[in-house]
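Sharing a structure below in structure tokens format, with a few things to ask.
The values are calculated or read from the model by the stated rules, or taken from the named source; none is laboratory data. The structure displayed is predicted, hence computed values, not measured ones. Neighbour counts run over all protein chains shown; Cβ positions are idealised from the backbone, glycine included. SASA here: full protein model, heavy atoms, side chains in, ligands and nucleic acids out. Shrake-Rupley method; radii C 1.70, N 1.55, O 1.52, S 1.80 Å.
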Amino acid sequence: MADDLKVLSDLKNKFAHYDDYQRCLTDLGRAIVEINRINKESAGQDEIGKTYHQQVDRPTENLTETLKYVNKRLGMVVDAGNQTSEIMAKSDDEAGSRSDGF
């Protein structure tokens, strides 16, 4: 059974870019929050402004929520990858240090 499980020597590196992706999404989220703030303050409250907000406000809120969801899920992938890598490395260490041949 132990022959079936192998830790890739670069397993942590396989997940390293996910941290970068998550940072990029966080930065994008901050930019969208600022865009939403500016949007809410724009176009006024006359008929044209109300029409503008009816068309624009909800889609930008949906974009914000979608980005939060993707960022959260990506964070879960990063955490799971790191945990898997640590478990596998620990298993390899423990298997290598056993002297009873098992």
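Only residues in region 68-94 that are within 13 Å of Thr26 (Cβ to Cβ) and open to solvent by less than 40 Å² (accessible area, probe 1.4 Å) count as the first member; pair them with residues that are in a helix (DSSP H, G or I) and hydroxyl-bearing (Ser, Thr, Tyr), Cβ under 8 angstrom, at least 6 apart or cross-chain, and list the lot.
Pairs found: Asn71/Thr26; Leu74/Tyr18; Leu74/Tyr21; Val78/Tyr18.
Right, next: For region 36-49, enumerate the residues that are at pLDDT 85 or above and more than 21 Å from Thr64 (Cβ to Cβ).
Asp46, Glu47, Ile48
Working carefully through the options Thr64, Thr60, find the one that is at pLDDT below 85 and among the β-branched types (Val, Ile, Thr).
Thr60
Going through region 8-35 one residue at a time, which ones are aliphatic (A, V, I, L, M), at pLDDT below 85 and buried (at least 16 other Cβ atoms within 10 Å of the Cβ)?
Residue satisfying the conditions is Leu11 alone.
Taking the condition of being in a helix (DSSP H, G or I) and surrounded by 12 or more Cβ atoms within 10 Å (Cβ to Cβ), how many residues in region 36-49 meet it?
Summing the residues that are in a helix (DSSP H, G or I) and surrounded by 12 or more Cβ atoms within 10 Å (Cβ to Cβ) in region 36-49 gives 4.
Something else now. Within region 78-102, which residues are among the β-branched types (Val, Ile, Thr) and either at pLDDT below 80 or in contact with a strand residue (DSSP E or B) (Cβ under 6 Å, 6 or more places away or on another chain) (or both)?
Once the filter is applied, which keeps residues that are among the β-branched types (Val, Ile, Thr) and either at pLDDT below 80 or in contact with a strand residue (DSSP E or B) (Cβ under 6 Å, 6 or more places away or on another chain) (or both), region 78-102 yields nothing.
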